[in-house]
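Below you'll find the structure, written out as structure tokens, and then a few comments.
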Amino acid sequence: MEYNILKSIDLNEKSIYKSFTERYFSKRYILDVNGIKNNDIMLLFHSNRITLLCLAPSHFFFKRDDDYKLNFTIGKVDRLSNTVKGKGKKGGQMLTPHTAICKVEWSDNTSFEIPAGMKGFLVEINEQLVKNPKLLKECPNSDGFIAIMLSSISISDSLKKELLNHEEYLKIINSSCE
């Protein structure tokens with residue numbers, strides 16, 4: 001009996017082509033950050049404690065089509081000047097859950113800050129996002145991630161337990177749309 005594995009799957013189906021982040025990161029969500037409706041962020045946790053900061057699909061940012069820019073200078077701190085060294089990534093800027101990583105500024109002079117969402121250290125800002133801010137809207141949970149952060153194992157594990165997982169997030173978002 002002969003089996004052709006390529007005939008056993010639908011190559012046109014997008015669900016079989018998962019992105020890198022979909023394969024190796026677990027999604028967790030924080031809704032209505034700072035009490036602002038739809039100010040939702042997504043943290044992507046890797047098993048090595050690396051965390052990617054992204055905007056959640058339900059964030060109000062995605063409902064606007066205005067031109068925008070990203071500002072990584074928050075107060076006197078320039079997030080782009082962050083430098084880490086060595087295997088342990090020593091020297092990164094210290095973060096708390098409410099520490100602003102960057103500010104999104106629209107052409108009408110309105111803006112909002114994107115907080116870290118967790119305690120840890122800033123490893124780096126996404127250089128591709130700096131060069132091409134449109135990635136934030138076009139590829140929010142892959143090439144458009146905002147920052148790479150690192151926390152202790154205990155902080156990372158406890159935070160993952162506290163935050164909404166993907167299924168819980170979808171249930172809440174879908175129920176609010178009804």
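The values are calculated or read from the model by the stated rules, or taken from the named source; none is laboratory data. The structure presented is a predicted model; accordingly, all values stated were derived computationally and were not measured. Cβ coordinates were reconstructed from backbone atoms using ideal geometry, including for glycine residues, and neighbour counts include every protein chain displayed. Calculation scope for accessible area: heavy atoms of the full protein, side chains included, ligands and nucleic acids excluded. Shrake-Rupley method; radii C 1.70, N 1.55, O 1.52, S 1.80 Å.
Tabulated data for the structure shown
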read-out	value
Using θ = phi - 60° and Karplus 6.51 cos²θ - 1.76 cosθ + 1.60, couplings along region 93-103 (whole Hz; Gly, Pro as x)	5, 6, 10, 10, x, 9, 5, 6, 8, 7, 10
For region 124-134, Karplus couplings with θ = phi - 60° (6.51, -1.76, 1.60), whole Hz, Gly/Pro x	6, 8, 5, 4, 5, 5, 5, 6, 9, x, 5
Extent along principal axes [Cα atoms of region 69-148; Å; largest to smallest]	40, 25, 20
Matching label, Rg/Rh (Cα atoms, Kirkwood Rh) computed from the structure shown, candidates (i) 1.12; (ii) 0.98; (iii) 1.02	(iii)
Protection-proxy order for peptides 108-115, 63-70, each taking the mean of Cβ atoms within 10 Å per residue, highest first	108-115, 63-70
In degrees, nearest ten, helix 166-176 long axis to first principal axis of the chain (Cα)	80 degrees
Highest-first arrangement of 74-85, 19-30, where packing means the average Cβ count within 10 Å	19-30, 74-85
Kirkwood-Stokes translational diffusion coefficient of region 71-112, alpha-carbon pairs, 37 °C, 0.692 mPa s, µm²/s	275 µm²/s
With every protein chain in place, the chain: carbon and sulfur % of accessible area (1.4 Å)	53 percent
Extended-chain gain in nm, criterion 0.36 nm per residue less alpha-carbon gap, Leu170 and Met94	24.2 nm
Dipole magnitude (debye, nearest 20) for the chain, charges at Cβ of Lys, Arg, Asp, Glu	760 debye
Cα long-axis angle, helix 153-162 against the chain (0 to 90 degrees, to the nearest 10)	70 degrees
Full-extension gain in nm, Lys103 to Asn71, via 0.36 nm per residue minus C-alpha separation	11.0 nm
Rg ratio (alpha-carbon, reference 2.2 N^0.38 Å) - region 124-178	1.47
Residue-normalised accessible area of the chain, given per residue in Å² at a 1.4 Å probe	62 Å²
Rounded Å value of the spacing that divides the Cα centres of region 106-178 and region 16-72	3 Å
